Amino acid sequence: MKLNTKLTQLCTILLLTIFMVTIVFASNESFPSSLPGCKNTCGDVKIPYPFGISNSLIPNHGPCFLDPFYNLTCENDTKLLWSDIQVSNISVIEGQLELLFFVSSNCGNGNGSYNQSFLDIFDGRFSLSTRENKFLTVGCNSIGFLRSTYEKETFYTGCLTICDGTRNRIENGACSGIGCCQVDIPPMMRNITIQSSNYLDLNESLGCSNSFVVKNGFYNFSVSDLDNFPSEKLPLILDWSVGSKHCNASKIEDGYACKNNSDCYDEDIDFGYRCKCKDGYGGNPYHPDGCTDIDECKTGNNTCISEKHCRNTDGSHECFCPDGQSGNGTLAGGCHKQDVITKVAIGASAGIIVLFVAISSLYLTYQKRKLIKLKQKFFQKNGGSILVQQLSTREDTSQAAQIFTEEELKKATKKYDESLIIGRGGFGTVYKGVLPDNKIVAVKKSKIIDANQIEQFINEVVVLTQINHRNVVKLLGCCLETEVPSLVYEFVSNGTLFDFIQSTKDKTNNPTWKTRLRIAAETAGALSYLHSAASIPIIHRDVKSTNILLDDNYTAKVSDFGASRLVPLDQTEIATMVQGTLGYLDPEYMQTHQLTEKSDVYSFGVVLAELLTGDKPLSFNRQEETISLAMHFLSCLKQDKLFDAIQVGILDDENKKEIKEVAILAARCLRLRGDERPSMREVAMELDGIRLMEKHPWNDTEQNFEESQHLLHEASCSIYNETGDSYNPGYSGYDSLKDQPLIVLDSGR
């Protein structure tokens, strides 16, 4: 008895082992489809996860399905059932379930009788496939309805047929409304009811009405089906999905069904989502092991010339050529024998390229070092060491000059773009630039500088950076890395005084006199500061209207110190080469080469004449003896034609007195002998006094008028010689200078 019991136990274990081995081998045929210990087929239908039957035979492995909606039943090991409906196929890739469903058949006599078949789908993740099914009605004078009820909403579709008098014209395969009609399936059809009936009684046998949902292409209409419909059940397709939310929401939740090497998609899915293997991978994306790599080399799903020239990679493959051949190893590109000459040519070319790159790198390194040395050479040549030494001894570093690099100025001026040029002069070209801190500056790229004047140039840079006067353009720094130094000034935005005078010329009712008088006073104050208040007196040596800049408020800014000279404290004059601009040059300086502060006074007198007359310093439209504005202006004074010479639109009853006073002051500044001219301090004080005339007006008595006329006449006569000949610049002066040789002007520093 005990022996029989043990034999029974052994047989049971052996049968279980055989069953498990069968399942394992079956699951290893390609990719694992069902869970371990789970039945993976029923009859000839495979059962992939998430579908399954009951629980796993392996202890503690749980159910074979994802959730109860995917639980199937295998009847007699031959018929697979889902909700008591036979399943004929399950597709994981397409997300489809194929069922054998009843045909609704009604064989009544047209008195309104009908027949119905039902398919109850209890979850939103299953629905009739709109792409894979059709709804048909077959019969004479028949009508069929397809109804879906889901979430308290009901949808209908259907079609009708007619055979009255036309039955002899019905053709096999034609489903166009005569004996057979069909319609597409609307979306979201769940919990469906199929109803068929006859709708017309013509006192003849109508036959049966048959309505059904069928998989596309499965049913082909035959005329004989009107009398004897051959099927009670036909296959239809259900779309299925997993989860209750779309991909983005499901990925962050527990129970996400898409496993390794798979993607989630929810396009054209109204409930949940589906999973699919990534390219290069195969298997069941819902299985816990996920999708596995496909060996394209063995499956033939590759583009290589042969399997032995195919190398499998994770998720893909690569092709290669046999030894001694070159190419990409694919059917399209192929392989070909390598040419020794080609190899040599390729190797030689590679060597030449490497050699060229090496030589180029060495050359560029050499040129870079050469450029660095050249910059250092220019820096030393242009007095960089002297400037650094002097700046290091400065106590107040807030006003110290900044030493800019060549690259900084190139970047600021866009490599000295010609469109940024804002001025040209005898000593260089001025560019508008923008520094990295967005500060707008004027960069003056100077012309050749005398090597003997380097120390003097550095001294000027140091001194000019110390000038802090509201009417003097501020020098911010310099660049010494180039052959010719560059200077960096503050940017003044509203053009020059020359432009201002010429732009307002010939305009009637010109309201600019007060502005002109203020500009003259500010310019005189700046020159007075340079002559008297600077730590080392500075002679500008090129005072002219184009070197007086105006800001947005028409405030004067004296600029361009390219010709300026520092005056030692123990000297009153300096012997120099004559420099300056024709029309503004002091005739005494031209004859004697002795530069004094009074040379700037004479040039300023010409600027005053410009402000009064609006004329240019030289005009060849006038008579030869009055080509110079100074001569023309003083000639008008001598002939008592001052107001005829004043620019149109300036003169009015209120400013006559001011204009007379400024004209007298201009005449005094234009005296031939420098010691007879006022100093810039006196000029500045007088202009400030004239500006106060409006607040404290003088009585315009006959005596004052006569005195003014006398002063004007005296001032004009002082520049003429005893013979009455006028001064012709460059040829003769007053008598004591008459025998001096002709001077050639020098435009260099």
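The values are calculated or read from the model by the stated rules, or taken from the named source; none is laboratory data. Just so it is clear, the structure is predicted and the values come from calculations on it, not from any experiment. In this analysis, Cβ positions are derived from the backbone assuming ideal geometry, glycine residues included, and neighbour counts consider all displayed protein chains.
L136: out of contact with any Leu (no Cβ under 6 Å at 6 or more places or on another chain), assigned to a strand (DSSP E or B) and at pLDDT 95 or above, yes or no? Before the answer, list the steps.
Working: out of contact with any Leu (no Cβ under 6 Å at 6 or more places or on another chain): yes; assigned to a strand (DSSP E or B): yes; at pLDDT 95 or above: yes.
Answer is yes for this residue.
Residues in the stretch 663-674 that are in contact with a Lys or Arg (Cβ under 9 Å, 6 or more places away or on another chain) and among the hydrophobic types (A, V, I, L, M, F, W, C): how many?
Here the count works out to 2.
Here is a check on your reading of the model: is D644 surrounded by fewer than 18 Cβ atoms within 10 Å (Cβ to Cβ) and farther than 20 Å from R671 by Cα?
On the way: surrounded by fewer than 18 Cβ atoms within 10 Å (Cβ to Cβ): yes; farther than 20 Å from R671 by Cα: yes.
Judged against the criteria, D644 is a match.
Test D289 against the criterion of being closer than 28 Å to S127 by Cβ and not assigned by TED's automatic domain parsing to the domain that holds C319, and give yes or no. Walk me through how you get there before you give the answer.
Numbers: closer than 28 Å to S127 by Cβ: no; not assigned by TED's automatic domain parsing to the domain that holds C319: yes.
The answer is no for D289.
Conditions tested, residue by residue: (1) out of contact with any helix residue (DSSP H, G or I) (no Cβ under 9 Å at 6 or more places or on another chain); (2) of a type in the set (A, V, I, L, M); (3) without any contact (Cβ under 8 Å) to a residue 40 or more places away in the chain; (4) within 23 Å of S222 (Cβ to Cβ).
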| residue | (1), (2), (3), (4) |
| --- | --- |
| T137 | yes, no, no, yes |
| R147 | yes, no, no, no |
| E171 | no, no, no, yes |
| S176 | yes, no, yes, yes |
| C180 | no, no, no, yes |
| D184 | yes, no, no, yes |
| M189 | yes, yes, no, no |
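Tell me the strands (runs of 3 or more DSSP E) entirely within the stretch 165-283 that contain at least 3 residues that are touching a strand residue (DSSP E or B) at 6+ places or on another chain (Cβ under 9 Å) and in the same structural domain as S142 (by TED's automatic domain parsing).
Numbers: elements: 180-184, 192-198, 209-215, 233-240, 262-265, 274-277.
Strands (runs of 3 or more DSSP E) meeting the threshold: 180-184, 192-198, 209-215, 233-240.
Quick check on the stretch 686-696. Is at least one of its residues over 60 Å from the mean Cα position of the chain (by Cα), under 18 Å from R518 (Cβ atoms) and modelled with pLDDT under 90? Explain how you work it out, then say what you get.
First pass over the stretch 686-696, keeping only residues over 60 Å from the mean Cα position of the chain (by Cα): 696.
Now narrow it down to the ones that are under 18 Å from R518 (Cβ atoms): 696.
Narrowing further to those that are modelled with pLDDT under 90: 696.
Checked against the condition, which is being over 60 Å from the mean Cα position of the chain (by Cα), under 18 Å from R518 (Cβ atoms) and modelled with pLDDT under 90, the stretch 686-696 yields at least one hit.
Could you tell me how many of the residues in the stretch 76-90 are over 25 Å from G243 (Cβ atoms) and in contact (Cβ under 8 Å) with a residue 12 or more places away in the chain?
Here the count works out to 5.
Please go through the stretch 139-158 and give me each residue that is modelled with pLDDT under 90, more than 55 Å from the chain's Cα centre (by Cα) and more than 19 Å from C107 (Cβ to Cβ), ordered by number.
T149
Can you confirm whether the stretch 634-652 contains a residue that is part of a loop (DSSP other than H, G, I, E, B), aliphatic (A, V, I, L, M) and at pLDDT below 80? Outline the logic, then answer.
Here is the first cut: in the stretch 634-652, the ones part of a loop (DSSP other than H, G, I, E, B) are 639-641, 646-652.
Going one step further and asking which of them are aliphatic (A, V, I, L, M), we end up with 646, 648, 650-651.
Among the residues that remain, those that are also at pLDDT below 80 are: none.
Within the stretch 634-652, none of the residues are part of a loop (DSSP other than H, G, I, E, B), aliphatic (A, V, I, L, M) and at pLDDT below 80.
In this structure, is D164 in contact with a Phe, Trp or Tyr (Cβ under 9 Å, 6 or more places away or on another chain), among the charged types (D, E, K, R) and touching a residue at least 12 places away in the same chain (Cβ under 8 Å)? Explain how you work it out, then say what you get.
Working: in contact with a Phe, Trp or Tyr (Cβ under 9 Å, 6 or more places away or on another chain): no; among the charged types (D, E, K, R): yes; touching a residue at least 12 places away in the same chain (Cβ under 8 Å): yes.
Judged against the criteria, D164 is not a match.
Any idea how many residues of the stretch 272-310 are under 22 Å from P322 (Cβ atoms) and either in contact with a Pro (Cβ under 7 Å, 6 or more places away or on another chain) or buried (at least 17 other Cβ atoms within 10 Å of the Cβ) (or both)?
7
When you scan the stretch 34-89, how many residues do you find that are β-branched (V, I, T), assigned to a strand (DSSP E or B) and in contact with a strand residue (DSSP E or B) (Cβ under 8 Å, 6 or more places away or on another chain)?
So in the stretch 34-89, the residues β-branched (V, I, T) come out as 41, 45, 47, 53, 58, 73, 78, 85, 87.
Imposing the further condition that a residue be assigned to a strand (DSSP E or B) reduces the set to 41, 45, 53, 73, 85, 87.
Those still in the list that are in contact with a strand residue (DSSP E or B) (Cβ under 8 Å, 6 or more places away or on another chain) too: 45, 53, 73, 85, 87.
The number of residues fulfilling the criteria is 5.
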